[in-house]
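Data first, discussion second: the structure below is written as C-alpha cells.
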C-alpha cells in the first residue's frame, strides 16, 4: 500500500470500512496462491477418489447382500444304503411347500461336483467322494420364509439334509461394508485436516507478507471482521477453484472407468472387477457426493482462513 493510501486510511474515523473501490489487501494472484490451488486440487482429487470408492464398494456390498439373502441352500449328504436322489427330491418337495419359498432348483451330482473344480481341479474323479447334493431355494422378495418349520421338517424326514440360510455370509458382508465406509471417512477426515493445515500456513504467510498493511488497518480502527472477510473471500475463491479442478478430474476418471468397463464387458477381468466393485457407475448420488465434497472443501478453506486471521489479529493487540 502506498503512502497516499496510508495517509487516507489514517484520516478515516475509527471503525470505518474500506470503500469497495479500493484494492483488496490480499494479492489476487501470487505464486503462493497458485501453489495452494494445486494443493487443494490434489487433496480434493484424492478425497473424491476415496468417496467414489466407498460409494462403489457400498453399492456392491448391498447387491451381494441382496443376492445372498434371496437364496437359501439345502445340502443333502450321501449316506450309504440310502437313495440320495430320492432324499434330494423329498427335500425339494418340503422346500417348495414352505411359505415364502417361490423356487427350487436341485443340482445333479455332476453339477454339485463341478462346483468343487476351482478348488480340487477338473481332472479329479468325484465318483468315490461323498460330495453333498445341493438344493437352491429362491426366497420371495416380499415375504420372509418360515425357515424354522422347514428345518424341523428336514430333520424329521431327511436327516441327511442341512439348511443353510447364509446368515454368516450376510453378516460378514455387512461388516466389510461398514469397515470400508469407516476407512473411507477416515481418509476423508485426514484429507480435510491436511487441507486445513495447508490453508492455515498459507494464510499466515499472506498475513506476514502484508503485515505492515494489516497493522495500519488494525490500528486505525478497521474491524477484525473486515480484515478477516478480505482473507476469507480470497481463500474461498482459491478453495473453490482447486476443489472444482480436483473434483472434475475425479469425476472424469470415474466416467472413463465406467466407459472402459462397458467396453470390455464380458471379459473375465471385467467380470471379476464387477463382482468386487459393481459396474463402476457412481450414478447421480455418487457424482452429487463429489460435488458436495467440492463445496465442503471450499467452505473449510474459507473458514480456516477466517479463523487463522482472527487468531493472528488477537496476537497483534
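Since every read-out is calculated from the coordinates, none of them should be taken as a lab result. Computed from a prediction, not measured in an experiment: that's the story for all the values here. Here the Cβ positions follow ideal geometry from the backbone for every residue, glycine too, while neighbour counts run over all protein chains shown.
Data table
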quantity: Sequence of 237, 64 once ranked by neighbouring C-beta atoms within 10 Å, starting from the fewest; calculated: 237, 64
quantity: Fewest-first sequence of 71, 80 by Cβ atoms within 10 Å of each Cβ; calculated: 80, 71
quantity: The range 37-91 and the range 174-200: distance between their alpha carbon centers, rounded to Å; calculated: 25 Å
quantity: Förster radius 51 Å - calculated FRET efficiency between residue 299 and residue 170, Cβ distance, rounded to 0.05; calculated: 0.85
